[in-house]
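The values are calculated or read from the model by the stated rules, or taken from the named source; none is laboratory data. Treat the numbers as computed from the prediction; the structure is a model and nothing was measured. Using ideal geometry, Cβ is built from the backbone for each residue, glycine included, and neighbour counts are taken over all protein chains shown. Each accessible area value is taken on the protein alone, full model and side chains, heavy atoms only, with ligands, DNA and RNA left out. Shrake-Rupley method; radii C 1.70, N 1.55, O 1.52, S 1.80 Å.
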Amino acid sequence: NVPEDQEDKLLLASWGLPKGVLEKYHSLGVVQMFEWQAECLMLGQVLEGKNLVYSAPTSAGKTLVAELLILKRVLETRKKALLILPFVSVAKEKKCYLQ
């Protein structure tokens, strides 16, 4: 569970994302994360590029964790990221979404 003193970490706005990115998520109705998503982002040195392995049921919100990790690293390091997706249709959808 997310400690009480860090409950603000459930809000996307707490993760230092640019205004445009936050507006896009908000327009899709995503304003805050589930506790387990914030826990993933707060584990160890995940935000500094360390590995993270997590498992959750289909449609539980795994993609949001991956997107936030990718976005933060790309914006902070100005390096490229590789996102591997299982289907062409999903890849096309993510391409449009992330642009």
Check the stretch 80-98 and report whether any residue there is touching a residue at least 24 places away in the same chain (Cβ under 8 Å) and assigned to a loop (DSSP other than H, G, I, E, B). no
Do we find a residue being part of a helix (DSSP H, G or I) and either in contact (Cβ under 8 Å) with a residue 40 or more places away in the chain or of a type in the set (Val, Ile, Thr) (or both) anywhere in the stretch 47-60? no
Gln32 fails exactly one of (1) within 13 Å of the chain's Cα centre (by Cα); (2) open to solvent by less than 90 Å² (accessible area, probe 1.4 Å); (3) not aliphatic (A, V, I, L, M), namely (2)
